[in-house]
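Student: Below you'll find the structure I mean.
The values are calculated or read from the model by the stated rules, or taken from the named source; none is laboratory data. Model, not experiment: these values are computed from the prediction. As a convention, Cβ positions derive from the backbone with ideal geometry for all residues, glycine included, and neighbour counts pool all protein chains shown. Ligands, DNA and RNA are stripped out before the accessible areas are found, and what is left, the full protein with its side chains, is counted by its heavy atoms. Shrake-Rupley method; radii C 1.70, N 1.55, O 1.52, S 1.80 Å.
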Amino acid sequence: MNPRLDILHPYPFEKLRALLASAQAAAHASTPINLSIGEPKHAAPEPVMQALRDGLDGLSVYPATHGDPRLRQAIAQWLAHRYSIPAPDADTQVLPVLGSREALFAFAQVVLDPTGNQRVVCPNPFYQIYEGATLLAGGRPYFLNADPARDFGCNWGDVPEDVWRQTRLVFVCSPGNPAGNVMSLEDWRELFALADRHGFVIASDECYSEIYLDEGDPPLGSLQAARRLGRDDYRGLVAFSSLSKRSNVPGLRSGFVAGDAALIAPFLRYRTYHGSAMSPAVASASIAAWHDEDHVRDNRRQYREKFDAVLPILQSVLDVRRPQASFYLWARTPGPDTAFARDLYGSTAVTVLPGSFLAREAHGANPGCGRVRLALVAPLAQCVEAAERIARFVRPHA
């Protein structure tokens, strides 16, 4: 067996199941409400469902690894419209993938030299795929702790020069998971300058880009930032996006990578062997999704209603703020986050995810400690009920 499998950490939800096991007996008194996992629960859009049904004839042919040309064009056009940039070249700068998760993992296998012991800089807390992809590709993660003073963003100046010299890949997540923070143009300017100086590649995870709470202020994207800063060829940059959150179709497993053609080409070559081609039926549904914005606006409306309803309840008992984007709340707990999550579940049957499970101890601290992540994916009434249960639970302990 691959010995690197033994150095993988348990996934956060595996840890959560073990933590809650001792509280399950008490939790049966109330109807469970799960706010721990970021799985969209809004209805999948009917035009996408119909396109999937209409595309079932495609199941009788082998799909192309490069993807349906119509889908690549739809993605390129969506990028142009969403970010006010010239459409990327659909043949060389866009590649459909089976969701951002598998693409993020596979990209690390392409970029890292398995014999080189290269560094990969990751935000901390982070999406655990970044770490697993790094370890299985033979790299070494360097965790950059979230800075509350920067709205839980990264301070690139905290990375030592000797680490930058060994760095081959940097994972960024904007809007961020779990805090919903968004990188500014100045953040991108600094990171691009470091990439030019040290020669590393940037993988920008943007799967929450369409879950923003101000219709007049959509989050800045990495390709958009690159164009504004004169990096018209997107050198050293690949952006990852997905329909899972945007269109409420996590089971469709559809997304894309876009950016530097010099990185897309070897990634496509790898995927030819990896067997990651998208089904024509899924491609048809994806084209319908990328062409329609009505369901996306309605999606955001539903999340805004949840934040508007839930935040006043929670802010009466917890330190928690409205994020710039995403459907998460990143709340401070009165005491250890693991004990809070366990006792909350045992008392109220509400499940939240301890922040320490989303992070690693680095530089003397685990930046997720003392916080929990709440995913407002359940129906509005359930989110309000969960917030009221949390408030009743916290008040006697405050």
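Student: Keeping all protein chains in the complex and leaving out DNA, RNA and ligands, what accessible area do you get for His363 with a 1.4 Å probe, in Å² to the nearest 10?
Tutor: Looks like 120 Å² after rounding.
Student: State which entries of Lys245/Lys306; Lys41/Lys245; Lys15/Lys245 exceed 18 angstrom in Cα-Cα distance in the structure shown.
Tutor: Lys15/Lys245
Student: What 222 nm value per residue comes from the helices of the chain, counting each DSSP H run with n ≥ 4 as -39,500 (n - 2.57) and dividing by all residues, nearest 500 deg cm²/dmol?
Tutor: About -12500 deg cm²/dmol.
Student: Another question, then. Angle between the Cα long axis of helix 100-111 and the longest principal axis of the chain, 0 to 90 degrees, nearest 10?
Tutor: Helix 100-111 sits roughly 50 degrees off the main axis of the chain.
Student: Quick one: accessible surface of Glu39, probe radius 1.4 Å, all protein chains present, in square angstrom to the nearest 10.
Tutor: Approximately 80 Å² for this residue.
Student: Where the centroid of each part is defined by its Cα atoms, how far is region 321-368 from region 29-104 in Å?
Tutor: If you average the Cα positions of each part, the centres end up 30 Å apart.
Student: Counting alpha carbon pairs within less than 8 Å and at least 6 residues apart, what relative contact order, in whole percent, applies to the chain?
Tutor: Result for the chain is 26 percent.
Student: Could you tell me what % of all Cα pairs in region 106-239 have separations over 21 Å?
Tutor: Distances greater than 21 Å cover 38 percent of the Cα pairs.
Student: Does region 202-314 classify as rounded, prolate or oblate by the C-alpha gyration tensor (a ≥ b ≥ c root eigenvalues; a/c under 1.5 gives rounded; else a/b over b/c gives prolate, otherwise oblate)?
Tutor: Cα axes put region 202-314 in the oblate bin.
Student: What angle do you read, to the nearest 10 degrees and between 0 and 90, between the alpha-carbon axis of helix 337-348 and the longest principal axis of the chain?
Tutor: It is inclined by approximately 60 degrees.
Student: If each residue of separation counts as 0.36 nm, what is the full-extension length gain between Ala362 and Ala309 once their alpha-carbon separation is subtracted?
Tutor: Separation in residues times 0.36 nm, less the Cα-Cα distance, equals 15.5 nm.
Student: Next up: Suppose each label sits 7 Å from its Cα in the direction of the beta carbon; what would the Cys369-Thr31 distance come out to in nanometres?
Tutor: Reported label-point gap for Cys369 and Thr31 is 3.8 nm.
Student: Does region 319-398 come out rounded, prolate or oblate by the C-alpha gyration tensor, with a ≥ b ≥ c the root eigenvalues, rounded set by a/c under 1.5 and, if not, prolate when a/b is larger than b/c and oblate if not?
Tutor: oblate
Student: Roughly how many Å² of Met183 are accessible to a 1.4 Å probe, to the nearest 10?
Tutor: About 20 Å², ignoring ligands and nucleic acids.
Student: Still on this structure, please answer the following. Taking a quarter of the surface of the convex hull around the Cα atoms of region 46-292, what do you get in nm²?
Tutor: With every direction weighted equally, the projected area is 12.7 nm².
Student: Separate question: Rounded to the nearest 20 debye, what is the charge dipole size of the chain about its Cα centre when +1 sits on each Lys and Arg Cβ and -1 on each Asp and Glu Cβ?
Tutor: Its charge dipole is roughly 620 debye.
Student: May I pose another question? Based on the Cβ-Cβ distance from Ala149 to Val61, what FRET efficiency comes out when R0 is 41 Å, to the nearest 0.05?
Tutor: Result of the calculation: an efficiency of 0.15.
Student: Hey, another quick one. Helix 185-198: angle to the longest alpha-carbon principal axis of the chain, degrees 0 to 90, nearest 10?
Tutor: 60
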